[in-house]
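Only one structure is covered here, and it is reproduced in the block below.
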Amino acid sequence: MSEPTSFTPPEPVVAIKGLKKTYHGEDGDKTALHDIDLTVDKGDIYGIIGLSGAGKSTLVRCINGLEKYDEGSLVVLGEEVGELSTKELRALRRDIGMIFQSFNLMPSRTVAGNVELPLLDTGADKAARAARVEELLDLVDLRDKADAYPSELSGGQKQRVAIARALANNPSILLSDEATSALDPNTTKSILKLLRRLHDTLGLTVIIITHQMSVIKQVCNKVAVIDQGTIVERGKVFDIFVNPKAPLTRSFVATTSNLDKINDLIEEGSSLVRLDENETLLRMRYVSKEVSQALVSGISRIFDIDVNIIFGDIDVIDDAPLGGLVVVLRGDAARTKAAIGYLKDRNIGIEVLQQ
């Protein structure tokens, strides 16, 4: 019988240990990053979220070698970035596509001309460049805009051009630095959907820098929260949303849900939450992926109680429900207690708000 082969996990695409970056100025030193530990695996759509000035963009600039770091290790695609020569850095950057909030398009060049720019120093002839540009514009659904100029495009179309340009050299990594911050919600949704499609079809690893937790929720599979230059929480997106630990993470998660509005309604004495005899006000939250039953109708039928849904906020992440409901249960105390126990046994987080 042959010996079982041992499994060696693949090297991460980005591996950061103890990273520190300090800026030196006339007003003294400012530490932008300290004690940064982060691992991005191949195929991740990894979100890095923080407030303005938290160090997100500095971290991105360290990853692509535009900023030198002072301490620690930053390995990208197997290379210690701080040890690379200028020539080696240029080669690494060709394997890292970059998109920005401000698009960074050249106004004097057409859409096709902007997408062609990274190809001009590759040695490809004009026909090969034209074929690649056409392919890229097809990828971002802008083939009909090839001869348009940036001034003739919407914000979403400009960002699609920027994405096509970032993909010109077939990078392994795509860095998105606040790329949807200047876009309206519907356009943001379409750009994130495009990034997901490109990730799936091209095998990209995507790192998204943002200050919007809704962006993380829509497209990322992992997230790190950065606060004052250090990472305060990291993990799978579903786990972070279900159980945020750091205060900043909790505040970010709260911006994506309306379940906490019930606190204001209670404080205001809203008629929506005035209870009659034998009524209990609950906030129900999904806290596990192992939920697939019709719980509201189930407890109503099994325990012979009425369930009135006041409002809810339910989304889907990793094919599992995330969010919850605010409900009023009406029935005698024993049946209500049994129904609450039934929900808890099925991995539903329960908060009794009033009774």
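We did not get these values from a lab; they are worked out from the coordinates using the rules stated. Treat the numbers as computed from the prediction; the structure is a model and nothing was measured. Don't worry about glycine lacking a Cβ; one is built from the backbone with ideal geometry, like all the others, and counts go over all protein chains shown.
Name, by its number, the condition in (1) touching a Ser or Thr at 6+ places or on another chain (Cβ under 8 Å); (2) surrounded by fewer than 18 Cβ atoms within 10 Å (Cβ to Cβ); (3) among the polar types (S, T, N, Q) that does not hold for Thr280.
(2)
If I ask for residues that are aliphatic (A, V, I, L, M) and in contact (Cβ under 8 Å) with a residue 12 or more places away in the chain, which ones from the stretch 73-102 would you list?
Leu74, Val75, Val76, Leu77, Val81, Leu84, Leu89, Leu92, Ile96, Met98, Ile99 - these are the residues of the stretch 73-102 that are aliphatic (A, V, I, L, M) and in contact (Cβ under 8 Å) with a residue 12 or more places away in the chain.
Does at least one position in the stretch 109-123 carry a residue that is part of a helix (DSSP H, G or I), on the phi < 0 side of the Ramachandran plot and out of contact with any helix residue (DSSP H, G or I) (no Cβ under 9 Å at 6 or more places or on another chain)?
For the stretch 109-123, residues part of a helix (DSSP H, G or I), on the phi < 0 side of the Ramachandran plot and out of contact with any helix residue (DSSP H, G or I) (no Cβ under 9 Å at 6 or more places or on another chain): absent.
Have a look at Asp264, Asp315 and point out the one that is of a type in the set (D, E, K, R), loosely packed, with under 14 Cβ neighbours inside 10 Å, under 30 Å from Val237 (Cβ atoms) and within 33 Å of the chain's Cα centre (by Cα).
Being of a type in the set (D, E, K, R), loosely packed, with under 14 Cβ neighbours inside 10 Å, under 30 Å from Val237 (Cβ atoms) and within 33 Å of the chain's Cα centre (by Cα) holds for just one of Asp264, Asp315, which is Asp264.
If the Cβ limit is 8 Å and pairs must be 6+ apart or interchain, which residue in the stretch 103-125 that is more than 15 Å from Ala164 (Cα to Cα) pairs with which residue that is small (Gly, Ala, Ser)?
So the pair list comes out as Pro107/Ser151.
Being in contact with a Lys or Arg (Cβ under 8 Å, 6 or more places away or on another chain) and small (Gly, Ala, Ser) narrows it down to one of Ala164, Ala224, so name that one.
Testing whether each residue is in contact with a Lys or Arg (Cβ under 8 Å, 6 or more places away or on another chain) and small (Gly, Ala, Ser) leaves just Ala224.
Which one is nearest to Arg283 (Cα to Cα), of the residues in the stretch 236-258 that are free of Cβ contacts under 8 Å to residues at least 12 places away in the same chain and of a type in the set (D, E, K, R)?
Arg250
Which residues, counting only those in the stretch 199-215, are farther than 16 Å from Ala164 by Cα and in contact with a helix residue (DSSP H, G or I) (Cβ under 7 Å, 6 or more places away or on another chain)?
Answer for the stretch 199-215, where residues must be farther than 16 Å from Ala164 by Cα and in contact with a helix residue (DSSP H, G or I) (Cβ under 7 Å, 6 or more places away or on another chain): Ile208, Ile209, Thr210, Met213, Val215.
Being of a type in the set (S, T, N, Q), farther than 24 Å from Leu167 by Cβ and under 19 Å from the mean Cα position of the chain (by Cα): is that true of Thr31 here?
So Thr31 does not fit the description; no.
Table: residues versus (1) in contact with a strand residue (DSSP E or B) (Cβ under 8 Å, 6 or more places away or on another chain); (2) among the small types (Gly, Ala, Ser).
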{"position": "Leu202", "(1), (2)": "no, no"}
{"position": "Thr205", "(1), (2)": "yes, no"}
{"position": "Gln212", "(1), (2)": "yes, no"}
{"position": "Gln218", "(1), (2)": "no, no"}
{"position": "Ala224", "(1), (2)": "yes, yes"}
{"position": "Glu233", "(1), (2)": "yes, no"}
{"position": "Phe252", "(1), (2)": "yes, no"}
{"position": "Thr255", "(1), (2)": "no, no"}
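Show me the helices (runs of 4 or more DSSP H) entirely contained within the stretch 258-355 in which 1 or more residues are of a type in the set (Ser, Thr, Tyr). Spell out the reasoning first.
Numbers: elements: 261-268, 295-303, 333-345.
Output list reads 295-303, 333-345.
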